[in-house]
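Below: one structure, written as structure tokens.
The values are calculated or read from the model by the stated rules, or taken from the named source; none is laboratory data. Note that this is a predicted model, so its numbers are computed, not measured. In this analysis, Cβ positions are derived from the backbone assuming ideal geometry, glycine residues included, and neighbour counts consider all displayed protein chains.
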Amino acid sequence: MALFDLVVRAAVLAAVSPLSYLVFTYLRSPLKAIPGPFWAKFTDLWRVYSWWTGHAHLNQIELHRKLGTAVRMGPNFVSLSDPNMIKTVYSTKSPWKKSNMYSSNDVVVNGELVSNIFATTDNKWHSKMVKPIRAIMSVSKVTSFEPGVDETIKLFCHEMEARFVKDESLGLTIAMEKWILWYAYEGLYKMTFGVHRGYLEKGEDVNNFIKDSMAGIIYFGICSQMPLLDKVYKFISNNITTPGPPPFLWAFQQAYAAVAERNAQREAGINADRAPDLLDQFIDAKKTYPDIVDDDHKVVNYLFLNIVAGSDTTGTSLSAIVYYTLRNQQAYARLRKELDAAGLDPTVPVSWRDCQSLIYLDAVIQEGLRIHPPIGLHLERVVPRGGSTLLDGRFLPEGTKVGMNAWVTNRSEELFGPDTDSFVPERWLRKEGEPEDEFKARYARMKGLDFTFGYGSRICTGKSAAYLEMYKLIATIFLLYDFELMVEKEWKTTNFWFVLLESLPIRLKRRTKARW
């Protein structure tokens, strides 16, 4: 009996202790005044469940509309929705540190823990490392790769013609979400390595590259909601068994191999007369910034971002822009009218320079990015020493994790005007009777606090490259083709980290004016 009693007491203690800890943590938490879902006050498992539904972004919009600008979504995590807080939380001059949600991006390569520019929580290291890449990825530098983007657009249109448009009597339906994603991967690959990988020509995910990338994104998505999961996975893989290769390790391995191969080619003088691509510029940064890029590990860090980031977000954004434009027939007609009136040459892709003068094209793209930002989860930061006071007077102590989600902030009526759940490109245009100076100020504020690409010193480094790919493709394909969206109901999306669409069935017809 004594043994039985001991076992029972141990079982009761094992069950009660975690519960007591959770209750104790809740009662002593300085965040008790912040409203939120009941279970979120005790455990991050609520966030894992929300992620698991695939609709975390929609859940967060609903919670903020119901509970206000600050919602407690974890024992030590507060979600913020007021876009006026963006400049504080994501300040350029005094940026708050990233939280441990990004730690699952770190991998061990040759026994060394390797972080990266996106994931690092060390702001000083980030500021130092990002300086060369900011210069390389600036608008002025990225536009030098426009001929490569033109080649990719021509390849995209060639495949559309050969596979789907040549015999219009067949009425073939295109899984456009796949082709646009392949275009985005192909475009960035061309800019990075100077060649195409083969997605568009083969019409498939070459060597399961996108599949592998998505597996890493899914892993990061779930672990970002509860970083303990990443620690458990790495403990098991290092000490018990090997459930699989660490996420993103493959990307670092490919980056190291690519840098080594390019160094060998340069030493041998192979392809010395070709135009330099981004990989060349990353390597040349060792000469331009020798105090920063002092070895190939730094070059790999830059290249890693181009391998795993940028293409999914660009592809998702492009699909959203196409979808919402076709769902809004008024916007579709107005965009085509602007393109037709611009006197563009339909035998070549629309130039970046011409895109700058197409104000409705800009409105369509900005509105598409606003209503469907590619990233659907919080970008977390940690409240610095001394704590921080919200705009409504509530206080958050230091060490509190906070975050903002573009899906929430991009629906601020105070910033973007009414009807923010609808696709209204006209919100980016000058209103009838609106003074020019007021419009410019309103546009600048909307653009300045649009959180789609992040904000401040940690803003997406590939923003300029993404814009180049997006503006040119949208202008070109809407100039060349008639689009028919083959679905009447609203599309379905799943939020892993990127908010991906289920399908985008399209039929294309060649326009009379087009002479591609």
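Hey, among the residues in the stretch 136-187 that are among the polar types (S, T, N, Q) and over 30 Å from residue 457 (Cβ atoms), which one's surrounded by the fewest Cβ atoms within 10 Å (Cβ to Cβ)? Within the stretch 136-187, the match that is surrounded by the fewest Cβ atoms within 10 Å (Cβ to Cβ) is 169.
Quick grid of which residues meet (1) within 17 Å of residue 478 (Cβ to Cβ); (2) of a type in the set (Asp, Glu); (3) more than 24 Å from the chain's Cα centre (by Cα):
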position	(1), (2), (3)
346	yes, no, yes
393	no, no, yes
423	yes, no, no
432	no, yes, yes
441	no, no, yes
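Residue count for the stretch 409-425 under the criterion of being in contact with a Lys or Arg (Cβ under 9 Å, 6 or more places away or on another chain) and surrounded by 12 or more Cβ atoms within 10 Å (Cβ to Cβ): the result is 8. When residue 457 is tested against (1) touching a Cys at 6+ places or on another chain (Cβ under 9 Å); (2) hydroxyl-bearing (Ser, Thr, Tyr); (3) more than 29 Å from residue 329 (Cβ to Cβ), only condition (1) is not met. Could you please let me know if residue 408 is within 19 Å of the chain's Cα centre (by Cα) and in contact (Cβ under 8 Å) with a residue 24 or more places away in the chain? Against the criterion (within 19 Å of the chain's Cα centre (by Cα) and in contact (Cβ under 8 Å) with a residue 24 or more places away in the chain), residue 408 qualifies.
As a summary of the residue check, residue 437 satisfies the conditions (1) in contact with a Ser or Thr (Cβ under 9 Å, 6 or more places away or on another chain); (2) outside any loop (DSSP other than H, G, I, E, B); (3) not basic (Lys, Arg) except for the one numbered (1). Taking the stretch 391-412 as the range and being among the basic types (Lys, Arg) and farther than 15 Å from residue 100 by Cβ as the test, the residues that pass are 394, 411. In the set (1) modelled with pLDDT of 90 or more; (2) part of a loop (DSSP other than H, G, I, E, B), the condition left unmet by residue 270 is number (1). Taking helices (runs of 4 or more DSSP H) as the structural unit, those lying wholly within the stretch 171-262 and holding at least 1 residues that are modelled with pLDDT under 85 and of a type outside the set (Phe, Trp, Tyr) correspond to 228-239.
Applying the set (1) under 18 Å from residue 85 (Cα atoms); (2) surrounded by fewer than 20 Cβ atoms within 10 Å (Cβ to Cβ); (3) touching a residue at least 24 places away in the same chain (Cβ under 8 Å) to residue 393 leaves exactly one unmet item: (3).
Within the stretch 435-448, identify whether any single residue is within 30 Å of residue 122 (Cβ to Cβ) and surrounded by fewer than 21 Cβ atoms within 10 Å (Cβ to Cβ), and answer yes or no. Checked against the condition, which is being within 30 Å of residue 122 (Cβ to Cβ) and surrounded by fewer than 21 Cβ atoms within 10 Å (Cβ to Cβ), the stretch 435-448 yields at least one hit.
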